[in-house]
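Each remark here refers to the structure printed beneath this line.
The values are calculated or read from the model by the stated rules, or taken from the named source; none is laboratory data. Just so you know, these numbers come straight off a predicted model, no measurement behind them. With ideal geometry, Cβ positions are generated from the backbone for all residues, glycine too; neighbour counts draw on all protein chains shown.
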Amino acid sequence: MDINGISAIVTGGASGLGEATARLLAERGAKVVVADMNADKGEAVAKEIGGAFAATNVADTDQVIAAVEAAKDLGPLRAVVNAAGIGWATRTIGRDGTYESAHDLDVFKKVVEVNLIGTFNVTRLAATAMSQNEPLEFDERGAIVNVASVAAFDGQIGQASYSASKGGVVGMTLPIARDLAAVGIRVNCIAPGLIDTPIYGRGEASEQFKDRLKAGVLFPKRLGTSEEFASLALELVSNSYMNAETIRIDGGIRMPPK
């Protein structure tokens, strides 16, 4: 699928994986809606790449629809990359054996709401708009790339909510791809490993922490880059024979328990 001249939505597009993907899509000719909750960073990125910003909580239907409509104003919406997400580290039970110290259920719900329900919300609404597009070669109308994590497969201690949410994203890839095949929309999923993004912070302590993390990477012995993630996302959008697949991008790491 040629992305030159299309519009695209990248959730979480103000930073990290989403920002790198938004920049690459724009570089290849797409008009990108940066859908994010951080207005300052989102507007700055959108301005730099010649796109548009949409304040978006992915779990809010009205805000997602507004982002979809903003994309349609820029051109036919044919690509979506769902990179918005949150993490939370909490063990299932507390050390003192009280009910009160068990994993906060509201926290678990929040992580699932953003990472899983939010991803599905964007998918269902964007796909609805894509289904009205004029078909391209082989009746293709669009492509959606959702973002899971290696935690979907190798969840570590304290990652119950995060792994559950990302496992759900992996699990819904095939059925949604089957649903949307009837209207010519492809759906794929990326499961990133340790990618060097601002989430790890900056400074000497941050670099020491990252050095410990990369020791478990099979090869190459480093963290991945946002640009490498973006390259894979672009391939999944543009390669019309990629469908219903989940791809790990992780340097061969298999995460230990902690």
Open item on the list: Scan the stretch 43-66 and tell me whether some residue there is surrounded by 13 or more Cβ atoms within 10 Å (Cβ to Cβ) and at pLDDT below 95.
Closed with: no
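Quickly run through the stretch 124-138 and pick out the residues that are of a type in the set (S, T, N, Q) and in a helix (DSSP H, G or I).
Correct list: THR128 only.
Based on what the data block shows, is ALA22 modelled with pLDDT of 95 or more, buried (at least 24 other Cβ atoms within 10 Å of the Cβ), within 19 Å of the chain's Cα centre (by Cα) and over 23 Å from VAL112 (Cα atoms)?
Considered against the rule, which asks whether it is modelled with pLDDT of 95 or more, buried (at least 24 other Cβ atoms within 10 Å of the Cβ), within 19 Å of the chain's Cα centre (by Cα) and over 23 Å from VAL112 (Cα atoms), ALA22 comes out as yes.
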Open item on the list: Quick test for you: out of ASN121, ASN146, ASN115, pick the one residue that is in a strand (DSSP E or B), out of contact with any Asp or Glu (no Cβ under 7 Å at 6 or more places or on another chain) and polar (S, T, N, Q).
Closed with: ASN146
- [ ] Could you list all residues from the stretch 25-45 that are small (Gly, Ala, Ser) and over 15 Å from the mean Cα position of the chain (by Cα)?
- [x] ALA26, GLY29, ALA30, ALA39, GLY42, ALA44
Task: Subset of the stretch 149-159 that is outside any strand (DSSP E or B) and closer than 14 Å to VAL111 by Cα - its residue that is farthest from the chain's Cα centre (by Cα) - done: GLY158
Task: Within the stretch 7-29, tally of residues that are assigned to a loop (DSSP other than H, G, I, E, B) and in contact with a helix residue (DSSP H, G or I) (Cβ under 9 Å, 6 or more places away or on another chain) - done: 5
TODO: Tell me which residues, restricted to the stretch 206-224, are within 12 Å of LEU194 (Cβ to Cβ), part of a loop (DSSP other than H, G, I, E, B) and without any contact (Cβ under 8 Å) to a residue 40 or more places away in the chain.
DONE: ALA215, VAL217, LEU218, PRO220, LYS221, ARG222, LEU223
Open item on the list: Any residue that is in contact with a helix residue (DSSP H, G or I) (Cβ under 8 Å, 6 or more places away or on another chain), over 28 Å from GLY158 (Cα atoms), outside any loop (DSSP other than H, G, I, E, B) and at pLDDT 95 or above - is there at least one of those in the stretch 242-258?
Closed with: no
TODO: Inspect the stretch 66-78 for any residue being outside any helix (DSSP H, G or I) and touching a Phe, Trp or Tyr at 6+ places or on another chain (Cβ under 6 Å) and give the result as yes or no.
DONE: no
TODO: For the stretch 126-148, enumerate the residues that are within 17 Å of the chain's Cα centre (by Cα) and surrounded by 22 or more Cβ atoms within 10 Å (Cβ to Cβ).
DONE: ALA126, GLY142, ALA143, ILE144, VAL145, ASN146, VAL147, ALA148
TODO: State whether one or more residues within the stretch 175-189 are part of a helix (DSSP H, G or I), under 21 Å from VAL58 (Cα atoms), at pLDDT 95 or above and in contact with a His (Cβ under 9 Å, 6 or more places away or on another chain).
DONE: no
Task: Single condition ALA160 does not satisfy, out of (1) without any contact (Cβ under 8 Å) to a residue 12 or more places away in the chain; (2) farther than 19 Å from VAL80 by Cβ; (3) not basic (Lys, Arg) - done: (1)
Task: Yes/no for GLY251 being farther than 30 Å from SER7 by Cα and free of Cβ contacts under 8 Å to residues at least 60 places away in the same chain - done: yes
